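A short worksheet on the structure shown next.
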Amino acid sequence: MNKEELISALSAKTDATKVDSKKHLEALLEVVQEVLVKGDSLQLVGFGTFAVSDVKAKEGINPQTREKIKIPASKRVKFSVGKQLKEAVNHKNSKKK
């Protein structure tokens, strides 16, 4: 599913127009980004948690030249799935088999 398909699905679920659904989705994504940029986490009970973690600097190897390179420290966004979502996905997958 891509962004346009998600907007259509939101519109159908909420009886809102696609224009309004697009505004709401973009606002949600903007808020999530703002929270993560501040270094905070966003917990949606039952769905999951978005959080930022630090990745230490390390040494790597350029695969083309086999030269050692330094990979700088950075931040990584991670998502931890919530219990209800995990159970829903696992339950659905077990029905397919």
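No value in this document is a laboratory result; all are computed from the given coordinates. Keep in mind that this is a model prediction, so the values were computed, not measured. Counting neighbours? That spans all protein chains shown, and the Cβs are built from the backbone with ideal geometry, glycine included.
Total Lys pairs in the stretch 1-40 closer than 24 Å by alpha-carbon, pairs eight or more apart in sequence or interchain only?
Lysine pairs meeting the criterion: 7.
Work out the FRET efficiency for residue 57 and residue 89 from their Cβ-Cβ distance, taking R0 = 25 Å, and round it to the nearest 0.05.
For R0 = 25 Å, the calculated efficiency reads 0.10.
Out of these labelled values of Cα extents along the principal axes in Å, [x] 56, 38, 29; [y] 52, 29, 22; [z] 53, 23, 21, which was calculated from the coordinates shown here?
Of the listed options [x] 56, 38, 29; [y] 52, 29, 22; [z] 53, 23, 21, [x] comes from this structure.
Please name whichever of 25, 35, 62 sits farthest to the positive end of the charge dipole of the stretch 24-83, dipole taken about the Cα centre and charges placed at Cβ: Lys and Arg +1, Asp and Glu -1.
Result: 62.
State the extension gain, in nm to one decimal, for the chain segment bounded by residue 81 and residue 44, taking 0.36 nm per residue of separation less the distance between their alpha-carbons.
Numbers: separation 37, 0.36 × 37 = 13.32 nm, distance 0.96 nm.
Taking 0.36 nm per residue and subtracting the Cα distance, the gain is 12.4 nm.
For residue 75, go through the aspartates and glutamates and keep the ones whose alpha-carbon is under 16 Å away, minus same-chain ones fewer than eight residues off.
Cross-link targets: 34, 40, 54.
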